[in-house]
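In what follows, a single structure is set out as structure tokens and then discussed.
FYI, it's all coordinate maths here, none of it is from the lab. Everything numeric in this text was worked out from a predicted model, so none of it was measured. Ideal geometry is used to build each Cβ from the backbone, glycine not excepted, and the neighbour counts take in all protein chains shown.
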Amino acid sequence: MKSNFQIDSLDRKILSILTKNARAPFLEVARACNISGAAVHQRVQRLVRIGIISGSQFNVDPKKLGYKTCAFVGIFLDNAALFNNVSEKLLKIPEITQCHYITGQWAMFLEVYARDNEHLRVVLADKIQSIKGVSRTETFISLDVLFDRQMPFMEEEEVAGRR
């Protein structure tokens, strides 16, 4: 399966603009690229079709919804063969916002949001640690998010300048 798709400098410029502001109107992007809005639309649709762009979303601030505790949880499994069963169960826990299959000491690494430390304790003890196959967990509470961003997409000139 080929994962390195061919994109040209115009695609790169469009991606550079949209990764900085996904809500930029296509006509604004078109003006910056000196092409028509229809051409931007066609380019974006192609980038979606080949999987370079995967959807768009609004990001909700968990703190504004009362989820003031963010934690990262490393999961140790009893047996690696239980991975699929454990991941299916984890998917059903709404407080888990990300689940990574990783190398290293843990099998999985989670991002969890809870209303407070007591709620986090309930999520850990009653939901995560009760899953058959989870032998233990290691939890790190985040004190603050210093930055949160998408992978920056650089235009060819920016890439060349960093070499």
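Show the residues, 5+ positions off or on another chain, whose built amide H is closer than 5 Å to the amide H of Thr97.
Glu111, Val112, Tyr113
Listing Val48, Val112, Val134 from the residue with the fewest other Cβ atoms within 10 Å to the one with the most, what is the order?
Ascending Cβ contact count within 10 Å gives the list Val48, Val134, Val112.
If you find the alpha carbon centre of the stretch 29-104 and of the stretch 109-146, how far apart are they in angstrom?
The stretch 29-104 and the stretch 109-146 have Cα centres separated by 19 Å.
Treating only the Cβ of Lys, Arg, Asp and Glu as charged (+1, +1, -1, -1), what charge dipole size does the chain show about its Cα centre? Round to the nearest 20 debye.
Dipole size: approximately 340 debye.
Find, to one decimal place in angstroms, the Kirkwood hydrodynamic radius of the chain, where the mean of 1/r is taken over every pair of different Cα atoms and then inverted.
Its Kirkwood hydrodynamic radius stands at 19.0 Å.
Return a whole-number percent for the relative contact order of the stretch 9-57, with Cα pairs under 8 Å and 6 or more residues apart as the contact set. Walk me through the numbers on the way to the answer.
Numbers: 27 pairs, mean separation 13.9, N = 49.
It rounds to 28 percent for the stretch 9-57.
What number, in percent, do you get for the relative contact order of the stretch 62-142 if the mean sequence gap of Cα pairs under 8 Å and at least 6 apart is divided by its residue count?
Computed value for the stretch 62-142: 47 percent relative contact order.
Pick out, in residue order, every one of the chymotrypsin sites (Phe, Trp or Tyr not before Pro) in the stretch 54-88 that is DSSP loop and has at most 10 other C-beta atoms within 10 Å; say none if there are none. Working shown, then result.
Numbers: sites: Phe58, Tyr67, Phe72, Phe76, Phe83; in loops: Phe58, Tyr67.
Counting only loop positions with at most 10 other Cβ atoms within 10 Å, the chymotrypsin sites (Phe, Trp or Tyr not before Pro) in the stretch 54-88 are Phe58.
Mind checking the dipole of the stretch 1-65: about its Cα centre, +1 per Lys or Arg Cβ, -1 per Asp or Glu Cβ, Debye to the nearest 20?
Once rounded to the nearest 20, the dipole reads 100 debye.
Take the Cα atoms of the stretch 9-57, build their convex hull, and give its volume per residue in Å³.
66
Tabulate in residue order the Karplus-calculated ³J(HN,Hα) for the stretch 116-122, using 6.51 cos²θ - 1.76 cosθ + 1.60 with θ = phi - 60°, rounded to whole Hz; enter x for Gly and Pro.
Taking θ as phi minus 60°, the curve returns 7, 5, 5, 4, 4, 4, 5 Hz for the stretch 116-122.
Express the relative contact order of the chain as a whole percentage, based on alpha carbon pairs under 8 Å and six or more residues apart in sequence. Can you show the working numbers first?
Values: 177 pairs, mean separation 45.1, N = 163.
Averaging sequence separation for qualifying contacts and normalising by length gives 28 percent for the chain.
Hey, what number do you get for the chain at 222 nm if only DSSP H runs of n ≥ 4 count, each worth -39500 (n - 2.57), divided across all residues, to the nearest 500? Provide the component values of the computation, followed by the final result.
Working: 6 runs with 54 residues, N = 163.
Here the helix-only value at 222 nm equals -9500 deg cm²/dmol.
Starting from the amide H of Met108, placed 1.01 Å from N in the peptide plane, find each other amide H under 5 Å away whose residue is 5 or more places distant or on another chain.
Those lying under 5 Å, H to H, from Met108 are Ile75, Ile102.
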